[in-house]
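The values are calculated or read from the model by the stated rules, or taken from the named source; none is laboratory data. Just so you know, these numbers come straight off a predicted model, no measurement behind them. As a convention, Cβ positions derive from the backbone with ideal geometry for all residues, glycine included, and neighbour counts pool all protein chains shown. Accessible surface is based on the protein model in full, side chains and every heavy atom, while ligands, DNA and RNA are left aside. Shrake-Rupley method; radii C 1.70, N 1.55, O 1.52, S 1.80 Å.
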Amino acid sequence: MAFQLITDDTLLAIVQNVAADVGYPVPPDPAGSTDPAVIQMVTACNRAGLELLGLYDWQELTKSYTVSVQAASPGQTERAYPLPEDFYDWIDQTQWNATTQLPGIGPVSPQDWKTLIVRNLRATLSFYWQVRDNQIYILSPPDSAQDLTFFYQSYAWVRDADDADLYKNRATKNGDTLLLDPVLIGLLTKVKWLEIKGFDSSTAMRDFQINFESRKASEKGAPILNMAGRSVFPLLDARVNAPDTGYGV
């Protein structure tokens, strides 16, 4: 059985679909158009993508990052490291010391951080961390390098039409690929365009909200929740108390 899957995930396709949906002449070149209404559709598309970023931790934009943490001088109190260039948001509780295989402790509040520094309390098994000045600070970094690893949400939701290795936070070319769900972007683009024009957007917003909730629920799966608790004995969990290999040796 053959399939032909058409994914309307470019700026061109999104704007053309919205134009057709609202009864406006379909533009052949949205990115280069001088038509004010089409320019507004392109603007609405970019607004839609940016707003979707903050609504959910999308699997398409979830990335892993590792920082090699090491003191610049013996006894250094704290050290700052830059966040990824495309950093948008944290995936909470994914911060781990990959070297010691223990979870990172943080984000530490400013009050607790100052207490730790003034009282000269040092972390020994993992990292204490917090974010300031768009950098991640590590308390008492170790003398020997240890790896801090975590997941984060990327701000780069667009792939360039001419350079597949170039990722952006704004669609500027007709062939730019939008990495977020094209159906949701199309629906929210329509909402934003109607709002810009001063038209009633309530029905369009309802359509978006229904599809958003449905897509969010199935976009990356979910664990089965057991209200009765676990009855397995003995309790073996490779994440916390059993190695991947050599168990019982």
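Quick notes on this structure:
- Per-region count, the stretch 117-133, residues under 22 Å from Thr100 (Cα atoms), exposed (fewer than 12 other Cβ atoms within 10 Å of the Cβ) and within 30 Å of the chain's Cα centre (by Cα): 1
- Hits in the stretch 58-77 - residues which are open to solvent by less than 50 Å² (accessible area, probe 1.4 Å), outside any loop (DSSP other than H, G, I, E, B) and farther than 30 Å from Glu219 by Cα: Val69
- Looking only at the stretch 155-169, residues that are open to solvent by 40 Å² or more (accessible area, probe 1.4 Å) and either in a loop (DSSP other than H, G, I, E, B) or in contact (Cβ under 8 Å) with a residue 60 or more places away in the chain (or both) come to 9 in all.
- Summed over the stretch 191-203, the residues that are part of a helix (DSSP H, G or I) and more than 16 Å from Ile39 (Cβ to Cβ) give a count of 3.
- Search result, residues across the stretch 88-120 that are touching a residue at least 40 places away in the same chain (Cβ under 8 Å) and of a type in the set (Ser, Thr, Tyr): Tyr88, Thr94, Thr99, Thr100
- Considering each residue of the stretch 108-117 in turn, at least one proves to be part of a loop (DSSP other than H, G, I, E, B), closer than 29 Å to Ala156 by Cβ and of a type outside the set (Ser, Thr, Tyr).
- Exactly one residue out of Asp86, Asp92, Asp21, Asp112 is open to solvent by less than 80 Å² (accessible area, probe 1.4 Å) and among the acidic types (Asp, Glu), and it is Asp86.
- Residue satisfying all of: in the stretch 25-51; assigned to a loop (DSSP other than H, G, I, E, B) and without any contact (Cβ under 8 Å) to a residue 60 or more places away in the chain; surrounded by the fewest Cβ atoms within 10 Å (Cβ to Cβ) among these: Thr34
- The residue of the stretch 196-228 that is farthest from Gln153 (Cα to Cα), among those that are out of contact with any Leu (no Cβ under 7 Å at 6 or more places or on another chain) and touching a residue at least 60 places away in the same chain (Cβ under 8 Å), is Lys197.
- Comparison of Thr177, Thr203, Thr172, Thr149 shows that the only residue that is surrounded by fewer than 21 Cβ atoms within 10 Å (Cβ to Cβ), under 30 Å from Pro74 (Cα atoms) and either touching a strand residue (DSSP E or B) at 6+ places or on another chain (Cβ under 7 Å) or among the polar types (S, T, N, Q) (or both) is Thr149.
- Long-range neighbours under 6 Å by Cβ, at least six apart or interchain, first residue within 22 Å of Phe87 (Cβ to Cβ) and in contact (Cβ under 8 Å) with a residue 24 or more places away in the chain within the stretch 121-147, second basic (Lys, Arg) and surrounded by 15 or more Cβ atoms within 10 Å (Cβ to Cβ): Ile138/Arg79; Pro141/Arg79
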